[in-house]
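The values are calculated or read from the model by the stated rules, or taken from the named source; none is laboratory data. Treat the numbers as computed from the prediction; the structure is a model and nothing was measured. Positions of Cβ are backbone-derived with ideal geometry, glycine not excepted, and every protein chain shown enters the neighbour counts. Surface areas here come from the heavy atoms of the whole protein model, side chains and all, with no ligands, DNA or RNA. Shrake-Rupley method; radii C 1.70, N 1.55, O 1.52, S 1.80 Å.
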Amino acid sequence: MKKICRAVDPIKAYDYWAAGLWCVASPEMIELKDRDFVILAEKKDWPKAIKEAYKQVELGNIPSEKFVLENSWFARAKEYKKIIEKIQPKKNKTYRVSLRPHLKEEDCKLRITVQTPATCNMKPSCPYCMTEADRQNKNTDFYGEPNQWLNSLSWLSEEYGPLYLSSCYGEPLSSRNSIYLYSELAKGNLVDIVSNIIAPMEDINKFPKNGNVRFATSFHPHYWNIEEFIEKRQQIEKSGYHCGITLIVAYPSILIEIPGWLKTLQQAGINTQILAFQGYYKGNLYPDSYSPKDKEYILGLSNSYTKTEETELNKDTRKKKCWAGIKYMTILWNGDVYQCPQKSRKLGNILENNIQLLKEPQYCLAGQCTCPDLYQFIIDE
């Protein structure tokens, strides 16, 4: 308590003054220093100080009526009232996204990935899902209030935007809160929805048709066949949205099926990206356990990794600098902001509207860059 407040204006002093007496107090009562009708003394000197206080009363040196009235409870209450009336309650500023339709990637000043919501509508869940274990610990789609997310991301949009925002963690179309959030942000930012697109068209059509919404569609063969998937994509495009690349995870058990799916997708005019599986399959760690032929095949189909040598899937990036933290950042489920989803530097918290971007590229702290979209920010020196 001494560190917080050593002394306060003591109530007893006013009682003594009202009675026409002096007040004796210890030096810790710093608020009474240099006050009228007060003697400060160490406790060992109190007998002498008390005698001096009585002596002053006997001499007629006592608080005047004016002094007592000026220090009465009523007078003090009036002074506090004046102070309180001058204090304006602090209002949290509400931010709104500026309307900026038909944005292009080059219009966007900052690229971000937002890891909300934590929910997913895929049942059964994907055997290759990298976020399922982490998401199972979350009991809500959003951390905190969804409106706070909207306000904070709107602040980010106005301070650093236009933004090129990607939503991937759970399924963005599995939550009404996230559909509303990204619909609002899309009014003035480019929004990429990484989605399995199994949500009903009623929900998808809630997004604005202003050229800012793009769907990066992921094909999950355990849920439906390739023809059903393509049909749903086409429904979304006919509704006025852009569907970009299709993502397929090169899960070991489905590698043999991928060439046939690619042929069907290509015939439908759909560009496809094959993502290396990150995780364990039958006790083996991937992508390390891919055969040389499989590695070459996956790299040949990936349009995000710029090099095609076999080691690219596991390339060490610790000795390379990266633009993440300047041109890109990732926002975790709890609002914490980092350079990227892997081992990286913390930049602040979006829910506190507190973010500090890096001033220059830093060396990558992760062992390897496993995200194709982020590899473009690695600087080859």
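Odds and ends about this structure:
- Largest GNM mean-square fluctuation across Glu227, Glu202, Glu171, computed for the chain with C-alpha springs under 10 Å, falls on Glu202.
- Fully extended contour minus Cα-Cα distance, from Asp34 to Thr264, at 0.36 nm per residue: 73.8 nm
- Shown for the chain: the carbon plus sulfur share of the solvent-accessible area, taken with all protein chains present and a 1.4 angstrom probe, equals 51%.
- Computed [θ] at 222 nm, helices only, for the chain once each DSSP H run of length n ≥ 4 contributes -39500 (n - 2.57): -8500 deg cm²/dmol
- Residues Glu145 and Lys44, FRET efficiency given R0 of 51 Å [Cβ-Cβ distance, rounded to 0.05]: 0.30
- Added length on full extension, which subtracts the Cα-Cα distance from 0.36 nm per residue, Gln56 to Glu202: 43.9 nm
- Theoretical FRET efficiency, 1/(1+(r/R0)^6), r = Cβ-Cβ of Gln362 and Gln278, R0 30 Å, to 0.05: 0.80
- Residue-normalised accessible area of segment 320-381, given per residue in Å² at a 1.4 Å probe: 48
- The listed residues Thr113, Thr264 rank as Thr264, Thr113 when sorted by accessible area, largest first, using a 1.4 Å probe.
- Fully extended contour minus Cα-Cα distance, from Met130 to Glu159, at 0.36 nm per residue: 7.3 nm
- Rounded if a/c under 1.5, otherwise prolate or oblate - the chain, Cα gyration tensor axes: prolate
- For segment 175-221, the Kirkwood hydrodynamic radius comes to 11.0 Å, computed from all pairs of different C-alpha atoms.
- Rounded to the nearest 10 degrees, the inclination of helix 176-185 to the longest alpha-carbon principal axis of the chain is 90 degrees.
- Segment 24-69, accessible area per residue, ligands and nucleic acids excluded (1.4 Å, Å²): 75
- Distance-filtered residues of segment 213-256 - backbone nitrogen under 15 Å, label point 7 angstrom along Ser291 Cα→Cβ: 252-256
- Surface per residue (accessible, 1.4 Å probe) for segment 123-185, Å²: 46
- Here r is the Cβ-Cβ distance between Leu255 and Lys93 and R0 is 56 Å; the resulting FRET efficiency, rounded to 0.05, is 0.60.
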